[in-house]
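Undergrad: Please read through the structure below; I'll follow up with questions.
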């Protein structure tokens, strides 16, 4: 809007100059009018492109486990305490992320295990293993970060893998966000 105002002010000044030197100024004014029209069209287009970006759905979440627990093989890890949930795409009831729109997403999860336990966790996408992570005993902290393309309503969650796993509360987390 400020750019359009500036264009109008410049054109008004040129009109005044045209009255002072009519023969020479008309050609200059005609040329400047064409340039101003092109500039105005470009500003309108830039404004529309900027509006497209402002309407996208920003999505990000981080959730942690609220209690220490042993999860049996194939169980969904209960990341039930939300640190943030921008876009409300993470469901605290079933511990799953549901993509609100198609795009490239990043997911990261970290598991803290007990001294006598080791285990495997899996990042699940619509019921299929997308990536897995082995955690070793002695209070090991293990984690992974992956990118994946999701379609609208695709679901992602973390589950225990081929064995049971003991997960420490508050030290274990699951995060995700949309890149674009």
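Undergrad: For the subset of the range 123-137 comprising residues that are closer than 23 Å to residue 67 by Cα and modelled with pLDDT of 90 or more, which member is surrounded by the most Cβ atoms within 10 Å (Cβ to Cβ)?
TA: So the residue we want is 123.
Undergrad: Scan the range 77-87 and tell me whether some residue there is modelled with pLDDT of 95 or more, touching a strand residue (DSSP E or B) at 6+ places or on another chain (Cβ under 8 Å) and closer than 18 Å to residue 180 by Cβ.
TA: Taking every residue of the range 77-87 in turn, at least one turns out to be modelled with pLDDT of 95 or more, touching a strand residue (DSSP E or B) at 6+ places or on another chain (Cβ under 8 Å) and closer than 18 Å to residue 180 by Cβ.
Undergrad: So which residues in the range 72-107 are in a loop (DSSP other than H, G, I, E, B) and free of Cβ contacts under 8 Å to residues at least 12 places away in the same chain?
TA: Within the range 72-107, 88, 93 meet the criteria.
Undergrad: Within the range 90-110, identify whether any single residue is under 17 Å from residue 68 (Cα atoms), touching a strand residue (DSSP E or B) at 6+ places or on another chain (Cβ under 6 Å), surrounded by 16 or more Cβ atoms within 10 Å (Cβ to Cβ) and at pLDDT below 90, and answer yes or no.
TA: The answer is no; no qualifying residue exists.
Undergrad: Residue check, residue 82 against (1) within 15 Å of the chain's Cα centre (by Cα); (2) closer than 16 Å to residue 62 by Cβ, all met but one. Which one?
TA: The number of the failed condition is (1).
Undergrad: Checking residue 140 against (1) surrounded by fewer than 17 Cβ atoms within 10 Å (Cβ to Cβ); (2) under 22 Å from the mean Cα position of the chain (by Cα); (3) in contact (Cβ under 8 Å) with a residue 24 or more places away in the chain, which test does it fail?
TA: (2)
Undergrad: Applying the selection to the range 151-176, what residues are surrounded by fewer than 19 Cβ atoms within 10 Å (Cβ to Cβ) and in a strand (DSSP E or B)?
TA: Correct list: 155 only.
Undergrad: Of the conditions (1) within 17 Å of residue 173 (Cβ to Cβ); (2) surrounded by 14 or more Cβ atoms within 10 Å (Cβ to Cβ), residue 120 satisfies every one except a single condition; which number is it?
TA: Of everything listed in (1) within 17 Å of residue 173 (Cβ to Cβ); (2) surrounded by 14 or more Cβ atoms within 10 Å (Cβ to Cβ), residue 120 misses just condition (1).
The values are calculated or read from the model by the stated rules, or taken from the named source; none is laboratory data. Because the structure is a prediction, the values reported are computed rather than measured. Using ideal geometry, Cβ is built from the backbone for each residue, glycine included, and neighbour counts are taken over all protein chains shown.
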